[in-house]
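To start, the structure itself, in C-alpha cells.
A short reminder: the numbers here are calculations on the coordinates, not readings from a lab. Bear in mind the structure is a predicted one, so any value in this text is a computation, not a measurement. Glycine gets a Cβ as well: all are built from the backbone with ideal geometry, and neighbour counts include every protein chain shown.
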Amino acid sequence: MTRRRQRRNLPSGVRTIVFLIGLSIGVMEEARGASSGIPVENRIKAAFLVELFSYVDWPADAVPASGDQFVVGVVGEGPTTTALLDLRGLEMKEGRRLVVKRLTNAGDFGSCHMLFFSEEPGVDVRRVLGEIVGNAVLTVGETDDFARMGGMVRFYFASNRVRFEINPAASRAAGLRISSRLLRLAKIVDDREGR
C-alpha cells in the first residue's frame, strides 16, 4: 500500500492530531528564531487560535460584513495577545486576511468573528461574556474557569502540549457549529457546572 493511501485510511481524528502536531512544531521552530521574546507557549496558543477558524461555522446571516477578513477582538493584554497581534495580515481560508483589534469594552465586539480573552488580571470575563450572550461571536480564553463561565473554547498547556476545553452548549446558543473533529479532541465542559 502506498504511503498516500495509508494516510487516507487514517481516521479523521488521527489526521487532525497529526496536523496539529505539525502546526505546533512549525510554530515552535518559527518562535525559536523570533526576536520578539514571546514565549513559545503563547505563540502556539495564538497559532491554534487562528486555526479555529477552520473548525467553526458561523450562521450566514450573522457573520459580520467584513468581506475578505476574519476579525478577532482582543480583551486584555498578555503574551498570547502579543503573539496574536504579530499574526495580523496572515492569509487564511477562503483567501481572507486576519485582522486583530484591541477592544476596550465588550460593546465593540459587533464586527468580530472571535473574541479572545487574555489571562490579564482585572478583566471581568463573566460580565463581558454576559454582554455578548446570543451573538454569533466565538469566545476563546485562557483563564482556568473560562469554559465553565460560559466561554466557548479555553486553551491551556499541560505536559508541554496545547490542550483545550470546549463548551458546546455556549457555542450552540450563539448559533455557531464547532466541527465534530475538533470536539473529539477536546475536553467537553458544561457551563452549568460554574453557576
Checklist outcome for this item: Taking r as the C-beta separation of R126 and S179 and R0 as 35 Å, the FRET efficiency to the nearest 0.05 is 0.85
Item to check | For segment 110-149: rounded, prolate or oblate by the Cα gyration tensor [a/c cutoff 1.5] | outcome: prolate
Item to check | Packing-based order for 142-153, 161-172, using average beta carbon neighbours within 10 Å, highest first | outcome: 142-153, 161-172
Checklist entry - Which distance in nm do the two modelled labels at Q69 and K187 give, with both placed 7 Å along the Cα-to-Cβ direction? => result 3.5
Checklist outcome for this item: Sorted on mean Cβ neighbours within 10 Å (highest first), peptides 87-99, 115-127 come out as 115-127, 87-99
Checklist outcome for this item: Residues whose modelled amide H sits under 5 Å from the amide H of F70, counting only those 5 or more places away in sequence or on another chain, are R97, L98, V99
